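Working notes, beginning with the structure itself.
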Amino acid sequence: MNPEEIIQQTQKLLSLDEDLRKIIQNDEGREPLQVAQELALALQKKPEMTRKLEELSRNLTYQHKNGTRVLNPIFEGALAERLSIDGDIPEMRGGPLMEGMKPAVPVKTSSRNLLEVGFMLERASEEVQGLLLETQPLEETALSLFDGIEGYRRGQLPALREVVPPAPLQLLSLSPVRKRELVWKALASTQGRRSLLQPIMEGVKERLPHLTYEKNPPEEAPVVSWTLQAFGPEDLDTDFALIEVVISSLSRQIPEGATHFSLRATNSISDRIFGWILFYWEAR
């Protein structure tokens, strides 16, 4: 089981319990420490859930010969791989953004143009970085306690950010190399694939209007997928309508009788496999 699968299974396991799901969703905007404390207290009353989480956690750590448990080097390597593409992993970061790191911010968009989405991702990152620099304290102790800004806080999944899309002339003026870099960012980065869930969902509904979209699929819902293996910007064609291909492929794979669907991005960054999974099921 690779690290991405462990994280996904942990998130799925927690989301299956209504009490734990409400704590993690944090609709009230509580501080991360408070959420962690509430989660710990809730787990004390759920021994079976705690046992399952402990089984998953053993894959993330191993016991050193001196007796202490340390981070599994495979997981550590996977984090480094993701950072090399994403720039930051705010939901897994316990301190302030380190020097040289760039915010990884998903965008709210309906665009199916990877170049346009990549441009918006960079714009969102620059906006958030500017806001962080404006608001973060200079004193070292206070900086260590600084958890970010609304929608981009350490220990939390970043919120989709609304940004102004680029003008057509801005995209036309980019060099071929720059275009490939932005297309790569939209496809390969975790937040890029999150941003593209909305346009893919809209495209599937256009082709299959009888389907109803729901955020959380049933536990045993069957899946179909579309994936691509690419190792860098040079592997991508900036003029190829890739998202249209994804929408068409996923739509064709959904069998007759399905009434609902849900989407997830795949996160096999260490294998350089990128894409999306579609869950489908029939209303009961």
Exercise. Counting only residues 5 or more places away or on other chains, whose amide H sits under 5 Å from the amide H of A265 once H atoms are built in the peptide plane?
Worked result: I277
Exercise. If one computes P(r) from the Cα atoms of the stretch 163-278, what percent of pairs lie at distances over 17 Å?
Worked result: 59 percent
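Which order results if M98, M49, M92, M120 are arranged by neighbouring Cβ count within 10 Å, fewest first?
Numbers: M98 8, M49 17, M92 13, M120 28.
Starting with the residue having the fewest Cβ neighbours, the order is M98, M92, M49, M120.
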For this session: Would you mind giving the three semi-axes, in whole Å and largest first, of the ellipsoid equivalent to the stretch 228-284 according to its Cα gyration tensor?
Result: 27, 14, 7
For this session: Please list 155-162, 112-119 highest first by mean number of surrounding beta-carbon atoms within 10 Å per residue.
Result: 112-119, 155-162
For this session: Would you mind pulling out the separation of the Cα centroids of the stretch 187-227 and the stretch 80-144, in Å?
Result: 24 Å
Problem set entry | Longest to shortest principal axis, alpha-carbon extents of the stretch 72-281, angstrom | 61, 44, 32
Exercise. Which whole-Hz couplings ³J(HN,Hα) result when phi for each residue of the stretch 175-183 is put into the Karplus expression 6.51 cos²θ - 1.76 cosθ + 1.60, θ = phi - 60°, listed in order with x for Gly and Pro?
Worked result: 6, x, 5, 5, 4, 5, 4, 6, 5
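Read-outs throughout are calculated quantities, based only on the coordinates presented, and are distinct from any laboratory measurement. As the structure is a prediction and not an experimental result, all values here were calculated from the model. Cβ: placed from backbone, ideal geometry, glycine included. Neighbour counts: every protein chain shown.
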